[in-house]
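Bear in mind that the values in this text are calculations on the coordinates, not laboratory data. These figures come from a predicted structure and were not determined experimentally. Quick reminder, even Gly has a Cβ in these numbers, built from the backbone with ideal geometry, and neighbours come from all protein chains shown.
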């Protein structure tokens, strides 16, 4: 990797100190790598990295990202150009156009709908590399979102398709299979499907991956799942790639919303045994069920009990064995710790393969013989092992992290704690960050970091990481910082996750308030009269809600890039958690109460609002709706608009971090922060 990055960047890269700030494993086993503020596509097989170039047409519009998604045999890669699908011969560079009728807003394999408008191709190659399953995406009637740049001279206008809750016309997909040698396009004989997945608020939940489509090993059939617009109904279907004929095998309806897994679609297509492994939360817990491909009938549950299967990682049709991650099964173990198991197709032989009381990150070898296991907790560093997948026995210890230098610098881990939820019964799990010079004889202001979900929670990880965002850094300024996963977040029971379904203005705040009151009562060194709260995106939304509706508890809040009114946020996310927008005869809707501007007059404390003016995820108008309401209510507040910044603040990140710290120091701690303190990275970008 060091050699490949050295060649790509023109700078010598030290293998012991790779300048990588992030990476994503591509479906073709390549890597999307971020280094020095630039993105590279790296091919592990040939040891080469290339700058991920985005091309533009004559009008200056982006139309393709190269290189594309590599075929299983490694000989071809598919990519988008001018709204059509192309393939390139990897060896010769020769390019072939597969489709010709793709146009703007009706292109092939496009990933440019709603908040995530990238130029990655979304497709699935057949195992023999001869066919591609993809779609033609219809956005011709979909509503638009517009942003305007901040610059000298005429502003640049960015307009793209961005459907909203309640829109009559939203993005749809027409499923197709393309035969690469003949360029024949076979359309599935079914109506257009909703632009949805079973696990996230986009049809593709990671770059280039189409999560709910699977080829049979022999390439003779394709399995896929169609999802209703509001995520309450799923259809498991099989298609013939030669004819486009489609058969619905079975369906499932959910009373609230359907979840297909955690970060991974758990259903598995097993035509070798004429079966489907299906994931469902119908029992109040996430479990696996075996269905017959022939009859569509349930054969039997595979797993059961008051715990969850989270991710199916491998299936062996020959031995009829399933390997998966799960949570909450082992007594005395944190219910959020991921453990690794195997079980037979018949539900027998359920075996724990990772006995350590820790959070396990696991990946399996392609043949299923071994798995890599890195386990840790928030206060114990990672141990990395290679283990046998049949017994869990250790084959080799790869590494054991040494944090002695970290401790020598004064590092202290956060403390895990539990409190009771709003109902006074349910356990909630959180983490507490105290300053390293903590003195129990003093009184500390309390800051709540919040992300309400519902797709995730406030606690960033249960594994070991040196820094949990800036929670510890903020604590070092003389605060105690806590993060608590309230009811309405995942990884627990279905009922727990459903806690504020169709009431997303809840934002877990009744649980946050309950946690604050319990912690203040338990610890004399917490000052219950000085409680602050902050969050970004959904956390920004929740922060404003807290300051407006729980003003007697929260005295200082910092709301960053909040989706304050989900009628102005993308349809997929909002309609899953709040339901389809419905109006009564008087024009009132089921979305009215979740809008923060409705409650803005309740502000009593100090509130800072922040947003990037080029935020294409949560448009900046969300914050301006709240600003308008605060002005009309004659309320004092602070506002930071960051010109041309997106959902993350890019080059202004350190500025915003400093403003956040200053705000808490000034208004919650009651002290004067150093004027315009400059935060600088310890290591310059690219080094």
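Here region 543-687 is treated as a Stokes sphere of Kirkwood radius computed over C-alpha pairs; at 4 °C and 1.567 mPa s its diffusion coefficient rounds to 77 µm²/s.
Over region 572-613, the ratio between the Cα radius of gyration and 2.2 N^0.38 Å evaluates to 1.55. Over region 214-323, the ratio between the Cα radius of gyration and 2.2 N^0.38 Å evaluates to 1.04. Ordered from longest to shortest, the equivalent ellipsoid semi-axes for region 512-561 are 21, 10, 9 Å, each the square root of 5 times a Cα gyration tensor eigenvalue. Counting Cα-Cα pairs of region 1-51 in 5 Å increments starting at 0 gives whole-percent bin shares of 5, 24, 35, 27, 8, 1. Normalised by residue count, region 167-225 yields a Cα convex hull volume of 122 Å³ per residue. Each Cα pair under 8 Å and six or more residues apart adds its sequence gap; the mean of these over the residue count of the chain is a relative contact order of 8 percent. Shown here: region 142-295, whose C-alpha atoms stretch 65, 48, 27 Å along the first, second and third principal axes, sorted largest to smallest. In region 475-565, the alpha-carbon atoms span a convex hull of 108 Å³ per residue.
Can you tell me how region 603-687 classifies by the Cα gyration tensor, rounded, prolate or oblate, using a/c under 1.5 as the rounded cut? In terms of gyration-tensor shape, oblate. Taking one quarter of the surface of the convex hull spanned by the alpha-carbon atoms of region 383-479 gives a direction-averaged projected area of 10.0 nm². Projected over all directions and averaged, the alpha-carbon convex hull of the chain occupies 31.7 nm². Over all pairs of different C-alpha atoms, region 253-399 has a mean inverse distance whose reciprocal, the Kirkwood radius, equals 15.9 Å. Note on region 519-614: Cα-Cα pairs beyond 20 Å make up 45% of the total pair count.
Normalising the average separation of contacting C-alpha pairs (under 8 angstrom, six or more residues apart) by the number of residues puts the relative contact order of region 323-363 at 35 percent. Over the Cα atoms of region 413-667, the radius of gyration divided by the Kirkwood radius equals 0.95; this is the Rg/Rh ratio. Ranked for footprinting exposure by Cβ neighbours inside 10 Å, fewest first, 667, 375 give 667, 375. Its Cα gyration tensor gives region 219-280 an equivalent ellipsoid, and the semi-axes of that ellipsoid, as √(5λ) in whole Å with the largest first, are 22, 14, 10. Between residue 369 and residue 272, the C-beta separation translates, for a Förster distance of 22 Å, into a calculated FRET efficiency of about 0.75. Remark: relative contact order (region 1-51) = 32 percent; criterion is Cα-Cα distance under 8 angstrom and separation of 6 or more residues.
Per q in 0.13, 0.15, 0.21, 0.24 1/Å, what log10 I(q)/I(0) does a Debye calculation on the alpha-carbon atoms of region 98-202 return? Log-scaled intensity ratios, in q order: -0.55, -0.70, -1.15, -1.37.
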